[in-house]
Amino acid sequence: MKRIIGIALGLAIVLGLPTATFASGHEAKAKAYFEKSIKGWISAPDLVNAVVQQNINHIGLTAQDVAHLDFRWRQEKARGGGDLMDSKLKNHLASFLRGIRAASNGVIVEIFVMDNIGLNVGQTDPTGDYMQGDEAKWKKTYRMGPQGLLIDDVEEEDGKNISQLSASIVNEKGREVGAVTIAINVDKL
């Protein structure tokens, strides 16, 4: 990915195109945005309680159960929806997240919250799969403890330059209970 960004930056310079989106420093801007605009709402009691409740509900899930849920999610996504997807896109947490996205004035493109094994809890948009626990966005946040923060490289999606920012979600005692991923339009920072 860094090589692609480097090639794109070189091409932009040669062609005289704006290079702001390729310039190093999106990480610093994203981290500043996290500190100023995200850190507060990811500790909101409704968000934390939704994650904790799902953690309790999923005690005893086996790897086979998780694989079945993930397969079911992918089937529902291919069909355009279903009960499992609806339970994560139309719950109280999803409404809260849509409100956060709307209030961001276009900075936040997408948000999804994961539990302590990486399963979706609530989200603004459907993800490709239900199980995020095998991906860096969960492994490098939840597994890194309360201070877990990951800022991904910039990628172009639908004409927007997007970076995913992922962080641990912690309870009132400072212990991690889940993780969140926020897709940010870096051109709006």
Put a dot 7 Å past each Cα toward the Cβ at Asp46 and Ala32; how far apart are the dots in nm?
3.0 nm
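With the cut-off at 25 Å, tell me which of the pairs Lys31/Lys160; Lys29/Lys88; Lys29/Lys137 have Cα atoms farther apart than that.
Lys29/Lys88
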Relative contact order %, the chain, counting alpha carbon pairs below 8 Å whose residues are six or more apart
22 percent
Pairs Lys36/Lys90; Lys39/Lys77; Lys39/Lys188; Lys36/Lys173: which exceed 20 Å Cα-Cα?
Lys36/Lys90; Lys39/Lys77; Lys36/Lys173
Could you work out how much longer the chain between Met144 and Leu61 gets when fully extended? Use 0.36 nm per residue separation minus the Cα distance between them, nm to one decimal.
27.6 nm
The residues Arg143, Arg101, sorted from fewest to most surrounding Cβ atoms within 10 Å, come out as Arg143, Arg101
Rounded to whole Hz and in sequence order, give me ³J(HN,Hα) for segment 144-154 from the Karplus expression 6.51 cos²θ - 1.76 cosθ + 1.60, θ = phi - 60°, writing x for Gly and Pro.
8, x, x, 9, x, 8, 10, 10, 7, 4, 7
The answer for the net charge of residues other than Gln53 whose Cβ lies under 14 angstrom from its Cβ, with Lys and Arg +1 and Asp and Glu -1, is -1
Quick one: if the Förster radius is 41 Å, what FRET efficiency do Phe71 and Asp187 give, using the C-beta to C-beta distance and rounding to 0.05?
0.65
Which one of Pro45, Gly133, Ile182 is farthest out on the positive end of the charge dipole of segment 25-188, using unit charges on Cβ (Lys, Arg +1; Asp, Glu -1) and the Cα centre as origin?
Pro45
Which order results if His58, His68 are arranged by neighbouring Cβ count within 10 Å, fewest first?
His68, His58
Likely footprinting exposure, Asp129, Asp152, fewest C-beta neighbours within 10 Å first:
Asp129, Asp152
Return the whole-Å distance between the Cα centroid of segment 105-154 and the Cα centroid of segment 65-88.
17 Å
Quick check: pseudo-label points 7 Å beyond the Cα along Cα→Cβ at Asp134 and Glu155, how many nm apart are they?
1.6 nm
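Bear in mind that the values in this text are calculations on the coordinates, not laboratory data. The shown structure was predicted, so the numbers you read here are calculated from the model rather than taken from an experiment. Don't worry about glycine lacking a Cβ; one is built from the backbone with ideal geometry, like all the others, and counts go over all protein chains shown.
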